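The values are calculated or read from the model by the stated rules, or taken from the named source; none is laboratory data. All values reported here derive from a predicted model rather than from experimental measurement. Counting neighbours? That spans all protein chains shown, and the Cβs are built from the backbone with ideal geometry, glycine included. Only protein heavy atoms, including side chains, enter the accessible area calculation; ligands, DNA and RNA are left aside. Shrake-Rupley method; radii C 1.70, N 1.55, O 1.52, S 1.80 Å.
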Amino acid sequence: MVNNDKLTQMQAVLRNLFQFEESDLDFGIYRIINIKRNEIKKFIEEDLINIIQLQMKSVEDTKEIEKKIDELKSQLEGVFGKKIDAIVKLHGDTDGVKNYLGLQKLLNQSKNENSIEEGIYEDIINFFSRYYDSGDFISKRRYSKSNKYAIPYNGEEVYLYWANNDQYYIKTSENFLNYSFKLGSLSVNFEISSEDTEVEQNNVKSSDKKFFIFNNLEYNQDSKELTVTFGYRGLTKDEENEVNKISGKKTVTNDTVNEFNVEKITEQIGIYGISSLFKKHLKMDGTMSDKSEIEWHLNKYATKNTSDYFIHKDLKKFLTGELDFYIKNEMFHLDNVLEDNWNKYDIELRRIKVFKEISLNIIDFLAQVENFQKKLWEKKKFVVSTDYCITLDRIDKKHYSKILSNHSQLDEWKTLFDFDVNVKTKDSKSNLLGYTSTGNPEIELLVQNPTLTLDTKFFDEDFKYELLSEIDNLEDNITGILINSENFQALNLLLEKYREKIKCCYIDPPYNKGYDGFIYKDNFKHSSWNSLIYDRLALSKNLIRENGSISISIDDDEEHNLTALADMCLGNENRLAKLIWNRNHSAQAGFFKLYHEYVLCYSKNRTQFNAILGADGKIIAGAQKKESKRHKLQEFTFPKGTRFEAEDGFELNGTWGGVESTELINGRMMCKGNKLAEDVTLKAGWTQLNQMNKYFYSDEEVFDTKNQKVLEFFFSSTGKLKYVKEKTHEIPSTVLNEMGTAGQASNDLTNILGYSIDSTPKSIKLMEFIINYLADESSLVLDFFAGSGTTGHAVINLNKEDNGKRKFILVEMGQYFDTVLKPRIQKAIYSENWKDGKPLDNNGSTNQIIKYHKLEQYEDTLNNIEFKIPTLTALESKDYAIKYMLEFESRDNNVFLNLDNLDNPFNYILKIEQNNEIKEQKIDLIETFNYIAGITVNKIYKTNSDNVSYVVVSGKRNGNSVIVIWRNKDDKFDPTADKDFVENNILTEQVDEIFMNGNSLVTNAKPLDEVFKANMFGD
């Protein structure tokens, strides 16, 4: 019989591969494993053993054979009166001796096969342990037994390889720096402290293995908020000894460090009497954990940030290839063939054959789990919610009364803009200029503040659709899109709708400094970062126009890797430049002070690329703004004959222009023949006063602050002063001086937000330069590491300066989206000038519509997976558990688009995690389909017929006109009435395509199910 120790060791390795010991965790892939725990256990403890036994020949137990041999030996020696060796020589042809020899042969065969079986277990242990590391399979292909590694290579001149290049890095959505949860009225925050820089450098035994180690805690009894800070580093020798003492173990692990953390927290928190932390945790499946709340959340926090960093893109191909390599290099010994040692050769071949067969079964099961994760990761995610921030000038005044009655909206105006309607109304009652009185001072106040943004999240769905229905060419009028999501998922969702539509992409990824929020697998710092960057670059490349570009900020730590990655992904022939930004701020680094960072610039296709600043053309820009410290009201006399784009006889008197007001001081502001009829003196906040003096009263050539030639000043039809400037050919230096400093950027952001944040935002000047040089006035700009939103802010500024129509798409994950990015964009729209979080004016940007989304995340997808009971036929099918179980039993989940639930699309539910709380939430199927099907929306509105609600989307898809009709279909739904209503009230114009949710009787209408399902999992 085989040595059971080897079997036990092999099963222990497999349980580790399937993360079997994490039975208490009910999130992520652990939840999937635990749901299918019985099936996996059966595979390890029963099915696999059966497979092994089938592959080995059946032989009797060696002890039984030895017993029979001893009995027969005694019998033969008694009959012949001689020793057995002599009997065999003299009487080999007798039946008794033949039987004895047969048993001896059987005993040798049985020993050989047991030896082979033990060797197979040993090989399985060695092979699978070699590639597995804390939830991930890492390529460690050995070239020989001397532990030299081999890298796959196909003869390229230069080949970039990193340990995880065939894996997705999936940790970007995790809350590393901050983790929060609630227990009734108690709020608990886990935070990473930067306390340990000196400890890390001087006292740590080894920094290769990092742990979350307790640092301190604070409790606010008034707000019932507990904040626990941790270091994330290696342990000092003293800490290691204390951890081992508390745990009673000799080896430091995450579990033993958590025991240490719990004890330290318990010691300090005892005086506050917070008992809820020490109650047992209730898991998602309704069962009670063995761990207390604090233990369970610490375990979750540590586990999420120290394991499962990657998903293999093709685990079966990888492990199968490694298996062949392992067999050829470590099991097959050529010497046995060359030496004619056929007995050993035969044993080797049998061992290899059985080992390979068993290993392939294990690989199939592992690949099933990994491929299931890959499917969930690559699936295009649902839009959870969609809302809009719309400046008041875009909203009909008939809605102002409703807006003024919404206290949540008014409170946000107070918080963001220091705009209290009651206070402002009292202050301005006697001085409302430029508009005819509405008779309502509050409404008049809103009219005077057109850059205030309404946020539709504060209003009901009907009002949101009413506002949207009043905007024609909706997509054209949306000036920016903000997406709250991990960026891989956002880029993946954008693919169909924005493929090759981005002119300029800029990103400022984490610099992999060790303290910038980028977490990495121990010993895989740079390869983790490479995987993060490469996959997102590869996705974003599909969104860039052929004549577009992508620019990436970086510093010295990863510049060399980024250049190699970008060359590999975008092509070194498309590298435009490596710009050097002089930050005017130094950081000590070894023997030198670092004053610079880099911006790597690449084109999508250099043969089609043209730099915008390098092209000739003309720009029309505004030459006046609202009064401010920067733009004081000043008088200027314009000579007769200045161009005036108004009808003959048109005249302005008094003050006009709203917030950017112009006051008539002397003369008549009258148009005659598209020119000023006489000299006129006006008072306003002129932005180009020096240039105006030179243009009108000297013979000098005039250049603006960007060194662009001013060709003309003129008045628009509404009396606004504008100027035309020449976009002359310019080739900038690769050294970027006077592009703002890091310190200025931080100060600017602090003044906008009203508080400082732990961030290193880029300079707005730098961003304006990059966008202005690489994108024209109507370009779409993408930033999928948006951070604080500097890119969006720069686009808003540039559009205001030159009346451009640039748009932006910004992607940022987590709470930073709500606390920094979105507020900054709203504030940038309201005003250009801020101090200590308060606006200095309301001279912002009008005509703004910002759409913003929250997306389903990978963790949400995992949390929504449920498995149905398989049919008997499925269970009896060959290899069901090994290859097909997860896919088959989960196919009707809502995360995979449950077609049955599309009958009520306005109540499609998913479980969504926010602040570590999981709640059921309605999903925005309409916006999800618009992205997945690639629909450019012209119009969206809501209507009703009897008890049926309809949401209608019209627009373009693949160049064709399309209408998508969504309606709720309950038990009383009448298909005939539906057909009549749709054809008579909605389909009033000819369109190329009609999509509807579910089946319908409407002529030429197609169910949207097929497009939805296919594109959800397509490229």
Stretched out fully, how many nm does the piece from ARG575 to LYS397 gain, at 0.36 nm a residue minus the Cα gap?
59.0 nm
Which pairs in the list LYS424/LYS720; LYS6/LYS525; LYS291/LYS883; LYS171/LYS464 are over 30 Å apart, alpha-carbon to alpha-carbon?
LYS6/LYS525; LYS291/LYS883; LYS171/LYS464
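Quick one: dipole size for the range 923-1015, taken about the Cα centre, charges +1 on Lys/Arg Cβ and -1 on Asp/Glu Cβ, in debye to the nearest 20.
Around 240 debye, computed over the range 923-1015.
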Computed over the chain: longest principal axis from alpha-carbon atoms vs helix 764-774 long axis, angle to nearest 10 degrees, is 90
Explain nothing, just compute: Karplus ³J(HN,Hα) = 6.51 cos²θ - 1.76 cosθ + 1.60, θ = phi - 60°, for every residue of the range 677-691 in order, whole Hz, x for Gly and Pro.
6, 7, 4, 9, 9, 10, 10, 7, x, 5, 9, 10, 4, 4, 5
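Per residue, how large is the accessible surface of the chain? Use a 1.4 angstrom probe and give square angstrom.
Values: 46810 Å² over 1019 residues.
For the chain, the per-residue accessible area is 46 Å².
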Rounded to the nearest 20 debye, what is the charge dipole size of the range 867-920 about its Cα centre when +1 sits on each Lys and Arg Cβ and -1 on each Asp and Glu Cβ?
120
Looking only at lysines whose Cα falls under 23 Å of LYS82's and that sit 8 or more positions away or on another chain, we get LYS67, LYS68, LYS73, LYS98, LYS105
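If we sort 415-427, 854-866 on the protection proxy, mean other Cβ atoms within 10 Å, highest first, what's the order?
854-866, 415-427
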Quick one: with all protein chains in place, what share of the accessible area of the chain is carbon or sulfur, to the nearest percent (1.4 Å probe)?
45
Can you give the extra length, in nm with one decimal, that the chain gains between PHE650 and ASN126 once fully stretched, where that is 0.36 nm per residue apart less the Cα-Cα distance?
179.7 nm
What FRET efficiency would be calculated for the residue pair GLU267, GLU678, taking the C-beta separation as r and a Förster radius of 60 Å, to the nearest 0.05?
0.10
Just to be sure I understand the curve: with the Debye formula and one point per C-alpha of the range 651-705, what is log10 I(q)/I(0) at q = 0.25, 0.27 Å⁻¹?
-1.08, -1.10
With a 30 Å threshold on alpha-carbon distance, the violating pairs from LYS457/LYS807; LYS316/LYS380; LYS182/LYS765; LYS593/LYS805; LYS316/LYS922; LYS683/LYS800 are LYS182/LYS765; LYS593/LYS805; LYS316/LYS922
Directionally averaged projected area (convex hull, Cα atoms, the range 378-470), nm²:
7.6
Kirkwood hydrodynamic radius over Cα pairs of the range 684-812, then Stokes diffusion coefficient at 20 °C and 1.002 mPa s, in µm²/s
128
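If you wrap a convex hull around the alpha carbons of the chain, what volume per residue comes out, as a whole number of Å³?
242
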Cut-off under 5 Å, modelled amide H: who pairs with ARG233 long-range:
PHE211, ILE213
